Every structure is written in structure tokens, then in C-alpha cells.
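Student: Here's a structure for you.
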Amino acid sequence: MAAGRVSNIQDVAAAIKSLDADIIALNEVDNKTGRSGNVDQIAELSRVTGMHGAFGKAIDFDNGGYGVGILSKYPIEKQQVFKLPSGDDEQRVLLVVEVKKPGFDAPILFMTTHLSWQEDPLCDFNKSER
């Protein structure tokens, strides 16, 4: 939820509700950081949207956490965060949740991450094929 793209968490919640999605992934989520007014953004979005939420912390940031989140219309039974290889870049994670949807024989596994693209100096995609 880049600060430059939304004016407040109420606007984000309204956008999420307008999608009427069963499960939604969120990137750039703050959890009690100074820059977001010490708000647990996933908990607040869960409260406002009526959805169940999970947060996957990638890094400690501004006296809180920063990472990815998932909101679901259906209960989140389990959640787990996996650290991904990030090299010298900011730590990246994979957030996996197990969602129990009524009428389904098995739980749904839903995953999200927020990757970064850095140009590889050893690979030049602009070279013409020989």
C-alpha cells in the first residue's frame, strides 16, 4: 500500500470491498510502523472489510514490521512465512495460508510474495541474437 497511491486505509478497504474477491494478496504492508501511525494494517483492514487476515513480516522497519498480507472471506486455518533467497537485496518472504471454504473437499492453499527485480550485470537482454 504505497503511501502515494492511496490517501488512507479506509480507501484501501473500500477498494478491496469493491472487488468482492474471495482471497486477496497485499504487498508493502506495515505492521505497527511509525510511518503508518503504529497501525497493524492487516488487522485494521480485516476489521473494516470483515475479512480474515494474515501478515507475513519480511523485515523489521521503523519500530514495526513490513511485509505482505492476505485477506480472505473464509477462515484462515494455518499460516506460515518462508524466507526467500534475497542476496544483497531487501529480505523477501513467501506467505502461505490454508483457507477452509465451505463446500470444498480440501482446504485452499494460497500464497503471496513481493519480489524485486534488479538488472543482472552478467545478463544483457538487450543484445541481439546472433
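Student: Can you give me the number of residues within region 69-98 that are surrounded by 15 or more Cβ atoms within 10 Å (Cβ to Cβ) and under 18 Å from residue 45 (Cα atoms)?
Tutor: Of the residues in region 69-98, 10 are surrounded by 15 or more Cβ atoms within 10 Å (Cβ to Cβ) and under 18 Å from residue 45 (Cα atoms).
Student: What number of residues within region 35-54 are open to solvent by 40 Å² or more (accessible area, probe 1.4 Å) and at negative phi?
Tutor: Pass one, region 35-54, residues open to solvent by 40 Å² or more (accessible area, probe 1.4 Å): 35, 37-40, 43-44, 47, 50, 52.
Then drop every residue that is not at negative phi, which leaves 35, 39-40, 43-44, 47, 52.
The number of residues fulfilling the criteria is 7.
Student: How about region 56-110: which of its residues are among the aromatic types (Phe, Trp, Tyr) and within 13 Å of residue 28 (Cβ to Cβ)?
Tutor: 61, 66
Student: State which residue is surrounded by the fewest Cβ atoms within 10 Å (Cβ to Cβ) when the search covers only region 8-34 and only residues that are in a helix (DSSP H, G or I) and not aliphatic (A, V, I, L, M). Give the derivation first.
Tutor: Narrowing region 8-34 to residues in a helix (DSSP H, G or I): 9-19, 34.
From the residues that got through so far, the ones that are not aliphatic (A, V, I, L, M) too are 10-11, 17-18, 34.
On the way: 10: 12, 11: 12, 17: 14, 18: 8, 34: 11.
Step by step, filter region 8-34, then rank; the result is 18.
The values are calculated or read from the model by the stated rules, or taken from the named source; none is laboratory data. Just so we're clear, the structure is a prediction, and the values are computed from it rather than from any experiment. So basically every Cβ, Gly included, is an ideal-geometry build from the backbone, and we count neighbours across all protein chains shown. In case anyone asks, the SASA skips ligands and DNA or RNA and just uses the protein heavy atoms, side chains included. Shrake-Rupley method; radii C 1.70, N 1.55, O 1.52, S 1.80 Å.
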